[in-house]
Amino acid sequence: MRLQISRGLERLRERAGLTQIELAERTGFSRATVSRYEDWSDRRKVKWGTVRTLAEACGATAEERDALIEMAKSQDAGWWVRNPAVPEILNPLVSFEAAAEYERVTSTTLVPGLLQTREYARALLRAQGVHDDDRLEQEAEARMKRQEILDRGLRYWAVLDEVVLRRVVGNDRIMADQLGHLCEMAQRPTVDIQVLPFRAGPPSAPGQFLILGRDDERDPRNSMAVVYLELPRRGVYLDDPDDVTAYKNMFDRLRAQAAGPDETAQLLNTVRQEYIR
């Protein structure tokens, strides 16, 4: 949501042929305010009245202005806003997911959040140092809540390294249930899961990353794409078109290298049986 507001205001200003300083002078705001409203990584809430003034000063049509105002007013609508169970670094990510049509994710270590069972999430949180029972349940519930985006039609594609299947989180029963859940999720028409088996050799692209996007052919201005990289204690978001294209190409190489649907299903079931024995 914030990305759309910021990029929308920036496009309007550039279309009007104004610099940030000139727009600041025209509106009476400081240049710092204009810059902040165009900086989607700034986590402070934007005021819809300021959005309206900036848009009108740039000659926005009524439709363009009202769309930006509506997005600004909707900032408090998400369940994740000010939810203590959602880490601050994930707030933008969950917001992007709410606006996205597709999500592509690679993982070399753990099952991605949108595919985790509740027990797997609990065991992972414990391993990461969450020992208070109330907090653990709140954070596990937040992960389950986040997964509801899959029920609303998000096109989800995951490429998982085989190590994700074999790294034990919790115990064998939890892992067996988790792999069974992956098999079930892969049956959904909007979910694709591929495994990169050990025998396929080293990954054709390094690390793990997540791509979120939405394509609007009728109005490309409403399209969006962002890459998320999770680092210790913070997340990095990239929306430069060259960066997004580079990561999309890396994802395509990985999915071409990974096992297809049938072989993935067979591998999931084989490893699951190893946990059941």
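Since every read-out is calculated from the coordinates, none of them should be taken as a lab result. Every value quoted in this text rests on a predicted model; they were computed, and no experiment measured them. Every residue, glycine as well, gets a Cβ built from its backbone with ideal geometry; the counts of neighbours run over all protein chains shown.
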Mind listing the phi-derived Karplus ³J(HN,Hα) values for the stretch 9-20, rounded to whole Hz, using 6.51, -1.76 and 1.60 with θ = phi - 60°, and x for any glycine or proline? 5, 5, 4, 4, 5, 5, 5, 7, x, 10, 7, 4
Built amide H within the under 5 Å cut-off of residue 208, gap 5+: none
Along Cα→Cβ, 7 Å out, is where each label goes; now give me the distance between the ones at residue 135 and residue 45 in nm to one decimal. 2.5 nm
Tell me which lysines have Cα within less than 25 Å of residue 145's Cα, excluding those fewer than 8 residues away on the same chain? 45, 73
Using 7 Å Cα-to-Cβ label points, what is the residue 256/residue 56 separation (nm, one decimal)? 5.2 nm
Read phi for every residue in the stretch 49-63 and hand back ³J(HN,Hα) as whole Hz from Karplus 6.51 cos²θ - 1.76 cosθ + 1.60, θ = phi - 60°, with x for Gly and Pro. x, 5, 4, 4, 4, 5, 5, 5, 5, 9, x, 5, 6, 4, 5
Largest first, please: the extent of the C-alpha atoms of the stretch 1-73 along each principal axis, to the nearest Å. 25, 25, 18
Per residue of the stretch 94-108, in order, report the coupling 6.51 cos²θ - 1.76 cosθ + 1.60 (Karplus, θ = phi - 60°) as ³J(HN,Hα) in whole Hz, putting x for Gly and Pro. 5, 5, 5, 4, 5, 9, 7, 9, 9, 9, 10, 9, 10, 9, 10
Please give the contour-minus-distance gain from residue 102 to residue 233: 0.36 nm per residue of separation, less the Cα-Cα distance, rounded to one decimal in nm. 44.6 nm
Divide, for the stretch 88-276, the radius of gyration over alpha carbons by 2.2 N^0.38 Å, where N is the residue count. 1.02
